[in-house]
Amino acid sequence: MTTDPIPSSTLPNAAVEMLWRGDVIAAIKVVRVQRNLGLKEAKDLVDAYIRSQPSLRQKMEQAQAEMWQKLKRGLIVAFIFAAAAAYCFFQSR
């Protein structure tokens, strides 16, 4: 028994709007509620929609790259502050 996947064009408008805002998790939640699907099915449907929209996929990849850059910068700054705090702590002894 094979089941045909739901075409990506049937994604709810609210889910599409959330995807364009970059909120994949919220889009999956909307699809789950509105289509009465399980988590895996909803995720597969959202992933299929993202794959079918090259501009959306590019935007999401760019946002993910920017997020990683911010995370790296934040970790470097935190490391510098930790090193400075350790230096001050050990100098005061």
Note to self: For the list (1) part of a helix (DSSP H, G or I); (2) within 12 Å of the chain's Cα centre (by Cα), I need the number of the one condition that Gly22 fails.
What the structure shows: (1)
Item checked: Close pairs from the stretch 52-79: first within 17 Å of Leu19 (Cα to Cα), partner at pLDDT below 90 and surrounded by 10 or more Cβ atoms within 10 Å (Cβ to Cβ), Cβ under 6 Å, at least 6 apart -> Ser52/Ser8; Ala63/Gly22
Next item on the list: Report yes if some residue within the stretch 33-40 is touching a residue at least 12 places away in the same chain (Cβ under 8 Å) and polar (S, T, N, Q); otherwise report no.
Entry: yes
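The values are calculated or read from the model by the stated rules, or taken from the named source; none is laboratory data. Please read all numbers here as calculations on a predicted model, not as lab measurements. Every residue, glycine as well, gets a Cβ built from its backbone with ideal geometry; the counts of neighbours run over all protein chains shown.
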